[in-house]
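Reading through the structure tokens given below for one structure.
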Amino acid sequence: MNELVIVRHGQSYSNVTGVLAGPGCRGLTADGRAAARAVADRMTSQGRVQSFVCSPTRRAKETAEIISARTQFPVVEMAALRVADPGLNEGMTRQQWRATDAVERQRRGSESWCSYLTRSSACLADLLSSCRGRTLVVGHTETVIAAFSLLLGATDLGRLGISVDYTAVTSFREFDGKWQLVGYNDVSHLPPGIARYPGALSPLSSSGYRGVGGHDPFGHPKQRGQ
């Protein structure tokens, strides 16, 4: 059986400060590392993976390295899974980003949502066509959105809001040539007291936390292409 497992990175310093961070990402906080160790233990208990890849963006890479160290699964960085390139907008707060005109963002080197979705979806498509068995991907909320877009065959997810907690696990399995969602935003591995993403709904959490609202990391309305 072919399976795609996507793990979001742990909490990063840019999550805490609320700024855009691509190449300048400072990596995981202490809670982010603790969450990564917890999801690593979960991956160990679930058996081998045939392919293990990650985004090279520091917060995802550090999460993947912690998983790799605990599971002994070798991990390969894939450049196409990095977050959307912020260009000279790196370091902006989310509020500043939303207040900046889209034309000005792109003039400052920001990658468009359409461009990001095209490259990340193509990378996932290549993985699904070339890998057999269980494939583990450590990435971002946007990676999960790209998977939904790819498997639904649509760049516009309409009213579907994709909200993902720190180190949450989202899983798809292939049955008779069709991919099915079998797990979404599962953080049952997280112990109480670990920092959580405020916008994520996490019904399978052992901490009893319930988030509200949806997560839209770059302010894209309903994940529409730009």
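The values are calculated or read from the model by the stated rules, or taken from the named source; none is laboratory data. Being a predicted model, the structure only gives us computed values, none of them experimental. Reconstructed Cβ throughout: ideal geometry from the backbone, glycine too, with neighbour counts over all protein chains shown. Note: accessible area is taken over every heavy atom of the protein model, side chains too, but ligands, DNA and RNA are not part of it. Shrake-Rupley method; radii C 1.70, N 1.55, O 1.52, S 1.80 Å.
Odds and ends about this structure:
- Among the numbered conditions (1) of a type in the set (Gly, Ala, Ser); (2) modelled with pLDDT under 95; (3) under 17 Å from Ile6 (Cα atoms), the only one that Ala79 does not meet is (2).
- Residue in the stretch 111-126 that is open to solvent by 20 Å² or more (accessible area, probe 1.4 Å) and touching an Asp or Glu at 6+ places or on another chain (Cβ under 8 Å) present: yes
- Total residues in the stretch 41-68 satisfying the condition of being hydroxyl-bearing (Ser, Thr, Tyr) and in contact (Cβ under 8 Å) with a residue 40 or more places away in the chain: the figure is 4.
- The set of residues in the stretch 174-226 being charged (D, E, K, R), modelled with pLDDT of 50 or more and within 18 Å of the chain's Cα centre (by Cα) consists of Asp186, Arg196.
- Selection count, the stretch 142-159, where residues are in contact (Cβ under 8 Å) with a residue 60 or more places away in the chain and over 22 Å from Arg82 (Cβ atoms): 3
- Residue match in the stretch 26-35 (condition: modelled with pLDDT of 95 or more, within 22 Å of Arg134 (Cβ to Cβ) and buried (at least 18 other Cβ atoms within 10 Å of the Cβ)): yes
- Residue match in the stretch 6-22 (condition: aromatic (Phe, Trp, Tyr) and farther than 26 Å from Leu181 by Cα): yes
- Residues in the stretch 53-68 that are β-branched (Val, Ile, Thr) and in contact with a Lys or Arg (Cβ under 7 Å, 6 or more places away or on another chain) were compared, and the one that is surrounded by the fewest Cβ atoms within 10 Å (Cβ to Cβ) is Ile66.
- Options Gln106, Gln96, Gln50; residue that is farther than 17 Å from Gly139 by Cα and touching a Cys at 6+ places or on another chain (Cβ under 8 Å): Gln50
- If only residues of the stretch 69-94 that are free of Cβ contacts under 8 Å to residues at least 24 places away in the same chain and in a helix (DSSP H, G or I) are counted, the one that is least open to solvent (accessible area, probe 1.4 Å) is Ala79.
- Residues in the stretch 128-142 that are in a helix (DSSP H, G or I) and either open to solvent by less than 10 Å² (accessible area, probe 1.4 Å) or among the polar types (S, T, N, Q) (or both): Ser129, Ser130, Thr141.
- Search result, residues across the stretch 149-187 that are out of contact with any strand residue (DSSP E or B) (no Cβ under 8 Å at 6 or more places or on another chain), part of a helix (DSSP H, G or I) and of a type outside the set (S, T, N, Q): Leu150, Leu152
- A count restricted to the stretch 95-114 and to residues that are without any contact (Cβ under 8 Å) to a residue 12 or more places away in the chain and part of a loop (DSSP other than H, G, I, E, B) stands at 2.
- Selection count where residues are open to solvent by 10 Å² or more (accessible area, probe 1.4 Å), aliphatic (A, V, I, L, M) and over 20 Å from Pro191 (Cα atoms), scope the stretch 1-25: 3
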